[in-house]
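**Student:** A single structure is presented below for examination.
The values are calculated or read from the model by the stated rules, or taken from the named source; none is laboratory data. The structure presented is a predicted model; accordingly, all values stated were derived computationally and were not measured. Cβ atoms come from the backbone with ideal geometry, glycine included; neighbour counts cover every protein chain shown.
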Amino acid sequence: MAESIKKYDVVIIGGGPAGLSAGIYTARARFSTLLIEKGGVGGQIINSEMVENYPGFPQGIGGIDLTQAMHQQATKFGMETLYDEVTGIKASGKQKTVKTSQGQFTAKAVIIAGGADRLKLGVPGEKEFTGKGVSYCATCDGAFFRDKAVAVVGGGNAAVTEALELTKFASKITLIHRRNELRATQIMQERIKADAKIKISWDTVVLEILGDKAVEKIRLQNVKTRKESTLPVSGVFVAVGSQPATGYLKEVLKLDNVGAIIANDRLETSVPGIFAAGDIRSGSIRQVISAAGDGAIAAVNAGKYVSG
Amino acid sequence: MSKPVEINEAKFEETVLKAKMPVLVDFWAPWCGPCRMVAPVVEELANEYEGKVSFVKVNVDDNPKTASQYGVMSIPTLIVFKNGQPVSNIVGFRPKPELKKNLDTALAAG
Ligand SMILES: Cc1cc2nc3c(=O)[nH]c(=O)nc-3n(C[C@H](O)[C@H](O)[C@H](O)COP(=O)(O)OP(=O)(O)OC[C@H]3O[C@@H](n4cnc5c(N)ncnc54)[C@H](O)[C@@H]3O)c2cc1C
């Protein structure tokens, strides 16, 4: 498709809380703004049915409701949204070219807010049974496991959130964790330990997911005793962490040892005019509020760069 | 402008299985964040494929029989039907270009 290359003041990569907050600021400051999102708007937080720690919502707010409101707010100020995946960025002086799978755009400043991708478990059976018992979203798929036994793999906040969410549907939940303590915050740990439906399998890893047409059981191993066992389950919910979505940026920007983007306190990256915001930034506390805060900081400094 | 139409179990045979045109069925539920995320993308596709593919939505909460008949255990799931047969099955939300590619392949086949 030989279309003329569209020009913007600011291109934002990623439509999670960081990118949406940045868009509210740049669009409201009258910079022409394009947000590019590979999936749908909302980011990781759409997996959370109730966000309890975002200020201003004493009753909590659904992750999707929160981010749809953010998207409306940015759109109202003139931000445009494109559903496509960014595959590369090229910087030459003050002009940046952002490549997507279907076209390209130029911008004076780019804000990278691509967040993190969920990690896969990486065991046999995972891919084959995705959508046939293997799931990455308890709020979406919990209801398909009414009165069934399920496993949740992981030990952080995401895993604990998923396990608690599943208590609404499943008859029995086994949380499988490779260590002997959880990384989740105290309040989440208290909730999970108080729930009679949830059992925790410590020091345990999943070796294989088995079944015929759908998941029927998983093979486990205790990492200390090396003993193997099988657990009959109909569902396996994977929440084993996430990885910064920077695969296409390795040659472009300075990254830290886990692949997160290194930025200074103005959220400038190693390339002038490219900013990083949210979970994708090295040192982020990986929460909605910090992502939103990053978005604002990156937007204001991107604005200064565009005008300067 | 064509928008995906919400249908129920009773209408499934007539609207999907007996349709002359290929039909993309979006299995979803109101409590599913990624389903609501993918909805605007599916709406864009419905416009782009107007006249070539019809688009319908099935709420799995209200229509559990249809969902289980086609083995839907994770949503969103998009299934393309041609001549009453499921020919392509996409689980979870995917980038729009990937959805288009999948749809084009399904349309081209047989
Ligand atoms: C189950 C769960 C529960 C959580 N609960 C809470 C909670 O209660 N409170 C809280 O504060 N935080 C919570 N979090 C963490 C919170 O979701 C994240 O900190 C927050 O979403 C980060 O926002 P972000 O905008 O930086 O990135 P993300 O939310 O990851 O959004 C990034 C977006 O960029 C897109 N993208 C990535 N790469 C590209 C590309 N190349 N091209 C185009 N688009 C791209 C992605 O598709 C994604 O939509 C939870 C997370 C999970 C998984």
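**Student:** Among the numbered conditions (1) near the ligand (Cβ under 9 Å from one of its atoms); (2) not in a helix (DSSP H, G or I), tell me where residue A:279 comes up short.
**Tutor:** Evaluating residue A:279 over (1) near the ligand (Cβ under 9 Å from one of its atoms); (2) not in a helix (DSSP H, G or I) leaves (2) as the failure.
**Student:** Considering every residue within region A:230-249, establish whether at least one is free of Cβ contacts under 8 Å to residues at least 60 places away in the same chain and not assigned by TED's automatic domain parsing to the domain that holds residue A:137.
**Tutor:** Restricting attention to region A:230-249, the residues satisfying the condition of being free of Cβ contacts under 8 Å to residues at least 60 places away in the same chain are A:230, A:247.
Cutting the leftovers down to not assigned by TED's automatic domain parsing to the domain that holds residue A:137 gives us A:247.
Yes, that holds for at least one residue.
**Student:** For region A:120-140, what are the residues that are of a type in the set (Val, Ile, Thr) and either within 11 Å of chain B (Cβ to nearest Cβ) or within 13 Å of the ligand (Cβ to nearest atom) (or both)?
**Tutor:** Restricting attention to region A:120-140, the residues satisfying the condition of being of a type in the set (Val, Ile, Thr) are A:123, A:130, A:134, A:139.
If the condition is that a residue be of a type in the set (Val, Ile, Thr) and either within 11 Å of chain B (Cβ to nearest Cβ) or within 13 Å of the ligand (Cβ to nearest atom) (or both), then A:130, A:134, A:139 are the ones that fit.
**Student:** Would you confirm, using the coordinates I've provided, whether residue A:62 is surrounded by fewer than 24 Cβ atoms within 10 Å (Cβ to Cβ), within 11 Å of the ligand (Cβ to nearest atom) and of a type in the set (Gly, Ala, Ser)?
**Tutor:** Values: surrounded by fewer than 24 Cβ atoms within 10 Å (Cβ to Cβ): yes; within 11 Å of the ligand (Cβ to nearest atom): yes; of a type in the set (Gly, Ala, Ser): yes.
The answer is yes for residue A:62.
**Student:** Of all residues in region A:96-119, which are within 12 Å of chain B (Cβ to nearest Cβ) and among the charged types (D, E, K, R)? It would help to see each step written out before you state the result.
**Tutor:** We begin by selecting, within region A:96-119, every residue within 12 Å of chain B (Cβ to nearest Cβ); these are A:100-103, A:118.
Of everything in region A:96-119, just one residue is within 12 Å of chain B (Cβ to nearest Cβ) and among the charged types (D, E, K, R), namely A:118.
**Student:** List pairs: first residue in region B:84-110 and within 9 Å of chain A (Cβ to nearest Cβ), second residue of a type in the set (Phe, Trp, Tyr) anywhere in the structure, Cβ distance under 6 angstrom, at least six positions apart or on different chains.
**Tutor:** As it stands, the answer is B:96/A:83, since those pairs meet every condition given.
**Student:** While we're on this one: Within region B:67-81, which residues are surrounded by fewer than 20 Cβ atoms within 10 Å (Cβ to Cβ), more than 8 Å from chain A (Cβ to nearest Cβ) and either at pLDDT 95 or above or under 18 Å from residue A:128 (Cβ atoms) (or both)?
**Tutor:** Of region B:67-81, the ones surrounded by fewer than 20 Cβ atoms within 10 Å (Cβ to Cβ) are B:68-71.
Restricting the remaining residues to those that are more than 8 Å from chain A (Cβ to nearest Cβ) gives B:68-70.
Within region B:67-81, B:70 is the sole residue that qualifies.
**Student:** In addition: Name the residue that is farthest from the ligand (Cβ to nearest atom), counting only residues in region A:1-41 that are within 12 Å of another protein chain (Cβ to nearest Cβ) and touching a His at 6+ places or on another chain (Cβ under 8 Å). So that I can check it myself, show each step before the final result.
**Tutor:** Let us first name the residues in region A:1-41 that are within 12 Å of another protein chain (Cβ to nearest Cβ), namely A:1, A:15-16, A:36-41.
Add one more test, that the residue is touching a His at 6+ places or on another chain (Cβ under 8 Å), and what stays is A:15, A:41.
Values: A:15: 5, A:41: 7 Å.
Here the residue is A:41.
**Student:** Moving on to the next point. Just checking: which of the strands (runs of 3 or more DSSP E) contained wholly in region A:118-207 hold 1 or more residues that are polar (S, T, N, Q)?
**Tutor:** Values: elements: A:149-153, A:172-176, A:198-201.
Answer list for region A:118-207: A:172-176, A:198-201.
**Student:** Would region A:72-80 turn up any residue that is at pLDDT 95 or above, away from the ligand (no atom under 12 Å from the Cβ) and part of a strand (DSSP E or B)?
**Tutor:** Yes: one or more hits.
**Student:** For residues that are assigned to a strand (DSSP E or B) and not polar (S, T, N, Q), scanning just region A:229-246, find the one that is farthest from the ligand (Cβ to nearest atom).
**Tutor:** Residues of region A:229-246 that are assigned to a strand (DSSP E or B), as a first pass: A:229-232, A:235-238, A:242-244.
After this cut, where a residue has to be not polar (S, T, N, Q) as well, the list is A:231-232, A:235-238, A:244.
Details: A:231: 23, A:232: 25, A:235: 16, A:236: 16, A:237: 10, A:238: 11, A:244: 9 Å.
The qualifying residue farthest from the ligand (Cβ to nearest atom) is A:232.
**Student:** Identify the residue in region A:45-58 that is farther than 13 Å from residue A:289 by Cα and at pLDDT below 95 and, among all such residues, is farthest from the other protein chains (Cβ to nearest Cβ).
**Tutor:** To start, the set of residues in region A:45-58 that are farther than 13 Å from residue A:289 by Cα comprises A:46-50, A:58.
Filter once more, keeping what is at pLDDT below 95: A:46-50.
Numbers: A:46: 3, A:47: 6, A:48: 8, A:49: 7, A:50: 11 Å.
Checking each candidate, the answer is A:50.
Matching residues to (1) farther than 24 Å from residue A:20 by Cα; (2) crowded, with 18+ Cβ neighbours inside 10 Å:
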position: B:5; (1), (2): yes, no
position: B:18; (1), (2): yes, no
position: B:26; (1), (2): yes, yes
position: B:29; (1), (2): yes, yes
position: B:44; (1), (2): no, no
position: B:50; (1), (2): yes, no
position: B:56; (1), (2): yes, yes
position: B:60; (1), (2): yes, yes
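**Student:** Does region A:96-117 contain at least one residue that is surrounded by fewer than 20 Cβ atoms within 10 Å (Cβ to Cβ), within 23 Å of the chain's Cα centre (by Cα), within 11 Å of the ligand (Cβ to nearest atom) and in a loop (DSSP other than H, G, I, E, B)?
**Tutor:** Yes, region A:96-117 contains a residue that is surrounded by fewer than 20 Cβ atoms within 10 Å (Cβ to Cβ), within 23 Å of the chain's Cα centre (by Cα), within 11 Å of the ligand (Cβ to nearest atom) and in a loop (DSSP other than H, G, I, E, B).
Here's the yes/no breakdown for (1) part of a helix (DSSP H, G or I); (2) out of contact with any Asp or Glu (no Cβ under 7 Å at 6 or more places or on another chain):
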| site | (1), (2) |
| --- | --- |
| B:14 | yes, yes |
| B:20 | no, yes |
| B:27 | no, yes |
| B:41 | yes, yes |
| B:45 | yes, yes |
| B:52 | no, yes |
| B:57 | no, no |
| B:66 | yes, no |
| B:72 | no, yes |
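**Student:** Oh, and also: Looking at A:171, A:135, can you tell me which residue is of a type in the set (S, T, N, Q) and touching a residue at least 40 places away in the same chain (Cβ under 8 Å)?
**Tutor:** Values: A:171 fails: touching a residue at least 40 places away in the same chain (Cβ under 8 Å).
On inspection, the qualifying residue turns out to be A:135.
**Student:** Oh, and also: Can we say residue A:193 is outside the structural domain of residue A:39 (by TED's automatic domain parsing) and modelled with pLDDT under 95? Break it down into steps so the answer makes sense when it comes.
**Tutor:** Details: outside the structural domain of residue A:39 (by TED's automatic domain parsing): yes; modelled with pLDDT under 95: yes.
Answer is yes for this residue.
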